[in-house]
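The structure under discussion appears below in the form of structure tokens.
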Amino acid sequence: MARWYDRARLPYAVDRKTAEEYATWLRQVPWKLFCTLTFAWKVSDPQADKTFAEFINRLESTLECDVGYVRGDEKRLSGCGKPACGRHFHVLMTSAAPMVPSTVEYLWQGMAGNRSDKAGAHIEPYDASQNGASYVLKFINQVDGNWTFGRLDLFHPELRSVLTLNKRLRRHLRRHEARELHFSQFNPMGSELQLSLDRAISLCNPIATHCERSEPER
Ligand SMILES: [Zn+2]
């Protein structure tokens, strides 16, 4: 018979197993970046979601490609810098286009505050030997945790093969595959990367970045 503390721990073990199964499934995606994104200002859940959605929009405009992601949300302090607000996201991202960490960092900081505001983006190339997927999902079962994802239909090989393709998705997938082909033939050390940074900078003009700015937290 299970002792009381084993029983008490059982739900967590089940939760961990679920998270681990999701993580295994997500590892099939060819991820490119592992990101930790923090906010300089206290933001509500809807504001945080809106900022992130706009960030993905701008990133897609910059790259001229779809961006697939899985995002884990936490509301306590991360080890990344000392943001004024504990809320942060851990995100795995991918795209057909090469993704330069500094471009992604620049875009996020233009929207959620930069280092001098004690917020930032810590972005590194995805390393499949590290446990990034589990890390992103580690808080999904907690009251304060959450997770979400975008465009896995384009990037997850298994999902891509089982989806019933309607006309719109088929068209989208064709465009995505053309981008993949384009970038597979292209050396990412060239001018196109500079172009992508230029585009990111042009998207980060002050007029466009007022969106989620609220009072700094005391
Ligand atoms: Zn964290």
**Item:** All positions within the stretch 64-88 that are more than 15 Å from the ligand (Cβ to nearest atom), out of contact with any helix residue (DSSP H, G or I) (no Cβ under 6 Å at 6 or more places or on another chain) and modelled with pLDDT under 95
**Value:** 64, 84
**Item:** Subset of the stretch 141-172 that is within 15 Å of the ligand (Cβ to nearest atom) and modelled with pLDDT of 80 or more - its residue that is nearest to residue 25 (Cα to Cα)
**Value:** 147
**Item:** Tally of residues being over 23 Å from residue 20 (Cβ atoms), at pLDDT 85 or above and outside any helix (DSSP H, G or I) across the stretch 102-140
**Value:** 4
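The values are calculated or read from the model by the stated rules, or taken from the named source; none is laboratory data. From a predicted model like this one, the values you see are computed outputs, not experimental measurements. FYI the Cβ positions are ideal-geometry reconstructions off the backbone, even for glycines, and counts take in every protein chain you see.
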